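Colleague: Below are the structure tokens for one structure; questions will follow.
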Amino acid sequence: MSQEDRAAFLKEVQARFDKKVRENEIAVIEHWKDQVDRILTMKPEGIASLQLQIKKISEMMANRIKMLKKG
């Protein structure tokens, strides 16, 4: 494999990797946006119920971070 072939191969692999990372980031952002949008559509009785929903999302995020750090 020549130097040019290796460079082309590495460029192609990097492009695929970048695309996959971008797709994963979009999926993650869409998931959390959906969670926040659910809160926006709620009609909370007061601040306490809104805080509870925000706390639930925060806990979900914390759990996901723990899982990602483990594996």
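FYI, it's all coordinate maths here, none of it is from the lab. Because the structure is predicted, anything quoted here is derived from the model rather than measured.
Colleague: Scan (i) 68, 27, 10; (ii) 40, 23, 19; (iii) 44, 21, 16 for the value of Cα extents along the principal axes in Å calculated from this model and give just the label.
Modeller: Correct label, based on the coordinates given: (i).
Colleague: Across the chain, how many lysine pairs, 8 or more apart or on two chains, come within less than 19 Å at their alpha-carbon atoms?
Modeller: 9
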